[in-house]
1. Relative to the Cα centre, what is the charge dipole magnitude of the chain, using +1 at the beta carbon of each Lys and Arg, -1 at the beta carbon of each Asp and Glu, and rounding to the nearest 20 debye?
2. Please state, as a whole number in µm²/s, the translational diffusion coefficient that the Stokes-Einstein equation yields for the chain at 10 °C and 1.306 mPa s, with Rh defined as the Kirkwood radius across alpha carbon pairs.
3. Nearest 500 deg cm²/dmol is fine: what mean residue ellipticity at 222 nm does the chain get from its DSSP H runs of n ≥ 4 alone, each adding -39,500 (n - 2.57), divided by its residue count?
4. Please state, to two decimals, what the Cα-based radius of gyration of region 165-316 comes to when divided by 2.2 N^0.38 Å (N = residues).
5. Based on Cβ point charges of +1 for Lys and Arg and -1 for Asp and Glu, what charge dipole magnitude is obtained for region 7-128 about its Cα centre, in debye rounded to the nearest 20?
6. When the accessible area of region 143-264 is computed with all protein chains present and a 1.4 Å probe, what percentage of it is carbon and sulfur?
7. Name the long-range amide H neighbours of Val429: under 5 Å, sequence gap of 5 or more, or other chain; modelled H, no Pro or chain starts.
8. Provide the net charge surrounding Lys432, with neighbours chosen by a C-beta distance below 10 Å and charges set as Lys +1, Arg +1, Asp -1, Glu -1.
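The values are calculated or read from the model by the stated rules, or taken from the named source; none is laboratory data. Predicted, not measured: the structure shown is a model, and the values here were computed from it. Glycine gets a Cβ as well: all are built from the backbone with ideal geometry, and neighbour counts include every protein chain shown. When the accessible area is computed, the model is the full protein with side chains, heavy atoms only, and any ligands, DNA or RNA have been set aside. Shrake-Rupley method; radii C 1.70, N 1.55, O 1.52, S 1.80 Å.
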Amino acid sequence: MTNSNRRYNITTFGCQMNKADSERMAGILETMGYDFTEDPNEASIIVYNTCSIRDNAEQKVYSYLGKQAKRKHKEGDLTLVVAGCVAQQEGEQLLRRVPEIDLIMGPQHANRLDSLLDQVFAGNQIVATEPVHIFEDITKPRRESSVSAWVNIIYGCNERCSYCVVPNTRGVEQSRTPEAIKAEIEELARQGYKEITLLGQNIDAYGRDLPGTTETGRHKHTLTDLLYFIHDVEGIERIRFATSHPRYFTERLIKACHELPKVCEHFHIPFQSGDNEVLKAMKRGYTHERYRDIINKIRGYMPHAAISADAIVGFPGETEEQFENTLRLVEDIGFDQLNTAAYSPRPQTPAAEWENQLSEEVKGDRLARLNHLVSVKAAERSQRYLGKIEQVLVEDVNPKDATQVVGRTDGNRLTFFAGDINQLKGKIVPVKITQVRAFSLTGEALTLVEA
Ligand code: SF4
């Protein structure tokens, strides 16, 4: 039995990998003849693509599910799907809490949504959380932006960071072949996309699981080799990648980014803590000295490169002094952007079991102090753009001012300027920066460069 009202809604929590999976699932649902609706109360298929990194995201899912379960009792014609990391982690437990759910599916199953739904429509309640080999994507993801697209190049993660659920939920590393990735990018270029972001939880691990070594004995397929391989796809103007791991980040990669004109001078390299003891407890496998060395090398080749990162405060046992080492690193490096979080224990991770958990008060205080420093430093970093001409790839209309468009600089700073979206969407426009804020810029367009 399929739904009579053929509308779907997807709510996505968490990281870019989840967003990319949601786009894939949306593509599948549209191929099945469903249309997107913004209002979940009008949808007959609702997908919650969940994240278990933060507890509050998990709680939100339960509250949304509770509301929709009630609606299902009243209206009947409703299929409830829970995908993503909470689904993988909780599996059948979720059904005990919310028996109205029709389908529970781990992230590795995103490409199979249609066949799983077929089983649901045949009257089954399905839990799909077993590990699967991810076959080459044949689905057409529906991309949220028509300018910039995400391309998964490696799924899963073989690291064992002591706070992280990803290895449990997304399975072992599985790299896609360079040929398949290039074919997807060529297709995106044909559809008019101008920018791609290559994605992986630990993107520097790309290719380790693919066969082949070079004459010098190194893996034949690395992220660096992939960048060279895909660089010249006609129509694609910009290439980004995320997320980098300091343990595997190489000078060869830095040189490639410097050499290849389409690769943006923007690096997202989480450091998590500025203290070596904490890094050890996190099982990150590098020191703050190595991290600083990587940033120095990047700045040696590309003095204006934008640097962003992720950091966690209040990790179990973190002392005030150790936290101050994180502040020192942030002060010294001066990030363009930093995603910060107070540590929250996640089920089935080693750190969650430790007894030296810090109080919410201490974590909250450290987070506020770090965030304050981050915005001071980001505002300082923004100053370097004032009066400069930046190349802005226009993505959309400014949601707060229809006379303006918004896009991003090469360094990923959001930039607003007066212009007509119908003429400028997808174009790279030279913009003179006239106002700077911590995390965004405003400017005036100079002559239009045809994209
Ligand atoms: S590198 Fe660490 S933090 Fe990142 S996904 Fe893998 S285990 Fe999690």
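1. 340
2. D = 68 µm²/s.
3. -10500 deg cm²/dmol
4. On the way: Rg = 16.3 Å, N = 152, 2.2 N^0.38 = 14.8 Å.
For region 165-316, the normalised Cα radius of gyration is 1.10.
5. 380
6. 49
7. For Val429, whose amide H was placed from the backbone, the distant partners under 5 Å are Val392, Leu393, Val394.
8. Result for the neighbourhood of Lys432: -1.
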